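Heads up, the thing below is written out as structure tokens.
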Amino acid sequence: MSNNPADTNDREMIEKTVQHYIDGAISGKGDEMKPAFHADATIYGYVGDDLFAGPIQGLYDWNDNNGAATELEARIADIDIVGTVATVRLELDNWTGNKFTDLFNLLKVDGEWKIMNKVFHHHA
């Protein structure tokens with residue numbers, strides 16, 4: 001980890017971006033997740049044998065239908081920053097009984113970090 005103040009500031013900004021996503025999961029409200037994502041973001045992963053893929057609106061809709069995940073435990077396992085791009089690995093336990101590993105690709109757009117893509121693994 002770098003001691004560069006710019007890297008520290010970017011790391012904090014990325015953590016805040018991811019927190020919007022976590023807060024939306026806990027509340028069960030897709031609208032609370034939206035500040036974390038770029039408008040053109042996408043999502044990909046498997047739930048069982050079914051591919052969940054497409055525009056990020058699908059995540060918001062799923063989250064709204066799934067309901068609040070008040071017992072969710074979320075942990076950022078890794079953040080890797082290279083200039084204006086970053087990756088985040090997020091471990092989620094007990095999202096209404098489900099366990100996920102999320103991998104986010106982020107881009108710094110107009111000074112703000114936005115999730116451009118989410119790929120996930122649903123642990124059986």
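Numbers below:
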| quantity | calculated |
| --- | --- |
| Selection within region 17-56 - open to solvent by 70 Å² or more (accessible area, probe 1.4 Å), farther than 18 Å from Trp113 by Cβ and in contact (Cβ under 8 Å) with a residue 12 or more places away in the chain | Lys29, Asp31, Tyr44, Tyr46, Pro55 |
| Total residues in region 90-99, condition assigned to a strand (DSSP E or B) and open to solvent by 20 Å² or more (accessible area, probe 1.4 Å) | 5 |
| Residue ranges of strands (runs of 3 or more DSSP E) in region 36-89 with at least 1 members within 19 Å of Val18 (Cβ to Cβ) and either among the basic types (Lys, Arg) or touching a Phe, Trp or Tyr at 6+ places or on another chain (Cβ under 7 Å) (or both) | 37-47, 73-82 |
| Test result for Asp10, modelled with pLDDT of 95 or more, in a helix (DSSP H, G or I), open to solvent by less than 60 Å² (accessible area, probe 1.4 Å) and among the charged types (D, E, K, R) | yes |
| Residue satisfying all of: in region 58-84; open to solvent by 50 Å² or more (accessible area, probe 1.4 Å) and under 13 Å from the mean Cα position of the chain (by Cα); farthest from Trp95 (Cα to Cα) among these | Asp78 |
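The values are calculated or read from the model by the stated rules, or taken from the named source; none is laboratory data. Here the structure is a predicted model, which means the values were calculated and not measured. Using ideal geometry, Cβ is built from the backbone for each residue, glycine included, and neighbour counts are taken over all protein chains shown. Heads up: the accessible areas ignore ligands, DNA and RNA and are worked out on the full protein's heavy atoms, side chains in. Shrake-Rupley method; radii C 1.70, N 1.55, O 1.52, S 1.80 Å.
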